[in-house]
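Comments concern the structure below.
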Amino acid sequence: MSYAHAYTVPVLRHPDTVVDAKPAIRVALVGGFRPTKCGLATFTTDVFEQMSSWLPDLQIDVYAMVPGASAPAAPEVTATILQHDAASYAAAARRMNADGVDVVWIQHEFGIYGGAAGMMVLDLINMIAAPVVVTLHTVLQSPSPEQRQAIDQMRAKASRFVVMSKASRDILIATYGVDAHRVHVIEHGAPDRPNRTAEDTRAALGMTQRPTIMTFGLLGPGKGLEVAIRAMPGVLQRHPEAVYRIVGATHPNLVAAEGETYREGLKALAAELGVEHAIEWVEEFLETDALLDQLASCDIYLTPYLNLGQSTSGTLSYAVALGCAVVSTPYAHARELLANGVGVLVEPNNPDAIAVVVNELFDAPTQLTALRSQSYARGRSTIWSAFAARSGGVVKDVLAKAKQVRVPVKPVMPSTAAFLGLIDDVGMLQHSVGIVPDRHHGYCIDDNARALILVNQIGRDLHHLAPRFAAFLQHGWNNDARRFRNFMSYDRRWLEPLGSEDSNGRTLWAIGYTALTAHDPRLRNWATALFERSGPHLCELTSPRAMAFLTLGAAHMLAQQRSSSSARMIVDHCAKRFGALLAQRSKTSDGWMWFEDTLSYDNARVPQALFVLSTLTGDGRFATIAGQQLKWLCDLQTSASGVFRPIGSEGFQLPHASLPFDQQPLEAWATIDACSAAMAVAPSEAWRVMAHRAYDWYLGGNDRAIVIGDPASGSCCDGLMAKGSNANTGAESVLSFSLAYQSLIRLSGGQTRHADSLAQSDRQQISRSSRGDGGRHSSITRSDHLPR
């Protein structure tokens, strides 16, 4: 019976298709954006405009952070993210993934994202598949616990960090433990204008030619404006015509909290000191061109900031680029930008020191002009063209490692070296540290069940290992609990009376498979007996994946012995339970095609089993829903660029979530098996293409273009993470890689390579494993068979 027309299958590229490079690099830029009036919004807007102008091979999508749904958005904005709305962060991440952006660049300040210390930005980062670059505008030497947690979690995800000073880089490495090669220093960008004298600018603007001092920025405590005002009596005593221009609106957060109380306090201080006549207030947020005119009109630019840890000041960068003579307290950014005589540093919170330096510069016009020239020359390294070139270099460096154009690799049978290296006389060790087996974590029945399936598939040179894995499964049966145990310590102690439902189902699958395929008839008899003894008790399992494994095991058992009562009992149980789940699922219309509210591991086993169940029962409903589920799952696990993206383990147990990392090798094998089952019931080239795509994941066809499985050694990394691969090569991963190859070859109509054609090194390794040396781990591989 065929159900080929019961559903549609995805249109997928052929596995031999070479993916051409994209004509443009697509960058998602996240941060504040115009018309929001704050420094970070201005910076993000400048980044968008300048990088778009100087780097035409970049397509920049703007994701603007806004305080609420009513906030206006500029026409350049691709999407807005509401500051305190978790669903908005998730929607933005889904759109980035769907659009196939190549890099996500986040402008980070703790205060612009929702949650404690802006933690909600992590919700966005966790859901993004593309490499993430984070520009940290504030790097704190002594963060609060929440701020430290936020940076630590970003460190675990971000491919690169960008900071604007060497001091920030040093703190990020020393305090937060970020790898040095992941931190780039790109100084704050600034505009490029002709070098004009302050007198010429004032004349062009119709301003009076008074000696002018200026401070610009959003007003708020910590800027040291009180100190600068207290310096004015000393300046006016020597230069009575001088004027101090304070340009900028009060910070909107401060206005919301206390109105203009802060500015009024500054005005009262000026009046108290008798200098109010020498202070001009420009009480507005200036657009860039107007701001530049104001900066260029001053003789001395003053930043009397009190926070010496401040790592970035956009206004300071602008002032230097325009050739202003700068007097500043020695905060981190100023120490670097004004070094080597570019500006003058003064002691913080010291009005007299400010007055002395300002008077000296006004007294010596030649020195003032020289200082302006040095400032302008230093600013050439920070103008936007230079900033764009360095920023584009970071994007392309990240992309070169994460989005390489690949020529498809023809599947080659993985060596058995890594597999054999994880085996001792007990069975298969569960984990490794790098390529070295990790005895601390002992064994599990899951891996030994998979190993039993593999040795039955590969060929007769490995058949002698089958009893070893069979013995582990046999010993795992707990007759009192009527379940299989799962975890065993290295000293052969079972660590639990019974394993999970999934591990029990997987074990029975391996037993059924052995009953059908074992080379030795005595082993087939053993498997048949154990299946008949344990199978009826496992009919109590109800999780969808556990029932999927039971169904697969029962199908193998019935192929071996059609009269198997245990197998028939399992088929009846699973058909009834899955039927009930189908009925329950049909009552919902939310587009979620799964039997559970979460997706976790081995997901494709469910549609695989449903295809098999349709054949065993003749019930077409199972084939129909299997096709729909597998198509849905394949669509969900295919990136916008066309690579396999399995459900990430970080999203396990999160309702209706599909997080991209960590990606597990097990999912690729399960998907190939499910596509093979689909081909048997509803043949379509699309399933074959999807299977090749899933296998290609091992060979670098993934979100990071990293080779996960090495056919030469048979080793396989334990997963793909946001920053790269997990270097450990445990049993589940190694087995999945080899089993995926076996499944792909069968799907392609070929035969797995016969044992007679195994490489000589494989034969020698197998021989050593068989002989042993009397030790518990006689089969550990030689170094020449391990991945390099």
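The values are calculated or read from the model by the stated rules, or taken from the named source; none is laboratory data. The structure presented is a predicted model; accordingly, all values stated were derived computationally and were not measured. We place every Cβ from the backbone using ideal geometry, glycine too, and count neighbours over all the protein chains shown. Side chains included, ligands, DNA and RNA excluded: accessible areas come from the protein's heavy atoms. Shrake-Rupley method; radii C 1.70, N 1.55, O 1.52, S 1.80 Å.
Screening the candidates VAL398, VAL455, VAL433 for the property of being of a type outside the set (D, E, K, R), out of contact with any helix residue (DSSP H, G or I) (no Cβ under 9 Å at 6 or more places or on another chain) and open to solvent by less than 20 Å² (accessible area, probe 1.4 Å) yields one hit, VAL398.
ASP152 fulfils the conditions (1) in a helix (DSSP H, G or I); (2) in contact with a helix residue (DSSP H, G or I) (Cβ under 7 Å, 6 or more places away or on another chain) except for a single criterion, (2).
Looking at this structure, is ALA694 out of contact with any Asp or Glu (no Cβ under 9 Å at 6 or more places or on another chain) and either within 24 Å of SER614 (Cβ to Cβ) or open to solvent by less than 20 Å² (accessible area, probe 1.4 Å) (or both)?
No, not satisfied.
Return yes or no: is VAL77 of a type in the set (Val, Ile, Thr), closer than 18 Å to PRO660 by Cα, out of contact with any Leu (no Cβ under 6 Å at 6 or more places or on another chain) and open to solvent by less than 50 Å² (accessible area, probe 1.4 Å)?
For VAL77, the condition - of a type in the set (Val, Ile, Thr), closer than 18 Å to PRO660 by Cα, out of contact with any Leu (no Cβ under 6 Å at 6 or more places or on another chain) and open to solvent by less than 50 Å² (accessible area, probe 1.4 Å) - is not met.
ALA670 passes every criterion in (1) assigned to a loop (DSSP other than H, G, I, E, B); (2) over 22 Å from ALA705 (Cβ atoms); (3) of a type outside the set (Phe, Trp, Tyr); (4) in contact with a Lys or Arg (Cβ under 7 Å, 6 or more places away or on another chain) apart from (1). Taken over the stretch 718-739, residues that are open to solvent by 20 Å² or more (accessible area, probe 1.4 Å) and either within 24 Å of ALA640 (Cβ to Cβ) or not in a loop (DSSP other than H, G, I, E, B) (or both) amount to 5. Can you pull out the residues in the stretch 464-491 that are part of a helix (DSSP H, G or I) and open to solvent by 40 Å² or more (accessible area, probe 1.4 Å)? If the condition is that a residue be part of a helix (DSSP H, G or I) and open to solvent by 40 Å² or more (accessible area, probe 1.4 Å), then HIS464, PRO467, ARG468, ALA471, GLN474, HIS475 are the ones that fit. Looking across the stretch 153-171 at every residue that is touching a residue at least 40 places away in the same chain (Cβ under 8 Å) and not hydrophobic (A, V, I, L, M, F, W, C), the one that is most open to solvent (accessible area, probe 1.4 Å) is identified as LYS166.
Taking the listed residues LYS267, LYS223, the one that is in a helix (DSSP H, G or I), of a type outside the set (Phe, Trp, Tyr) and open to solvent by 30 Å² or more (accessible area, probe 1.4 Å) is LYS267, with no other qualifying. Of everything listed in (1) open to solvent by 20 Å² or more (accessible area, probe 1.4 Å); (2) in a loop (DSSP other than H, G, I, E, B); (3) acidic (Asp, Glu), the single unmet condition for ASP602 is (1).
Could you say whether any residue in the stretch 323-337 is at pLDDT 90 or above, acidic (Asp, Glu) and surrounded by fewer than 24 Cβ atoms within 10 Å (Cβ to Cβ)? The answer is yes; a qualifying residue exists. Reported count of residues in the stretch 385-395, each being surrounded by 20 or more Cβ atoms within 10 Å (Cβ to Cβ) and either out of contact with any strand residue (DSSP E or B) (no Cβ under 7 Å at 6 or more places or on another chain) or modelled with pLDDT of 95 or more (or both), is 3. You will find that of ALA174, ALA150, the residue that is among the hydrophobic types (A, V, I, L, M, F, W, C), open to solvent by 70 Å² or more (accessible area, probe 1.4 Å), without any contact (Cβ under 8 Å) to a residue 60 or more places away in the chain and farther than 30 Å from GLU264 by Cα is ALA174 and no other. Taking the stretch 616-662 as the range and being among the aliphatic types (A, V, I, L, M) and out of contact with any Asp or Glu (no Cβ under 7 Å at 6 or more places or on another chain) as the test, the residues that pass are LEU616, ALA623, ILE625, ALA626, LEU630, LEU633, LEU636, LEU654, ALA657.
Condition check ((1) within 30 Å of HIS441 (Cα to Cα); (2) modelled with pLDDT of 90 or more; (3) touching a Cys at 6+ places or on another chain (Cβ under 6 Å)) across all residues:
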| site | (1), (2), (3) |
| --- | --- |
| TYR698 | yes, yes, no |
| ALA727 | yes, yes, no |
| ALA731 | yes, yes, no |
| VAL734 | yes, yes, yes |
| PHE737 | yes, yes, yes |
| ALA740 | yes, yes, no |
| ILE745 | no, yes, no |
| ARG768 | yes, no, no |
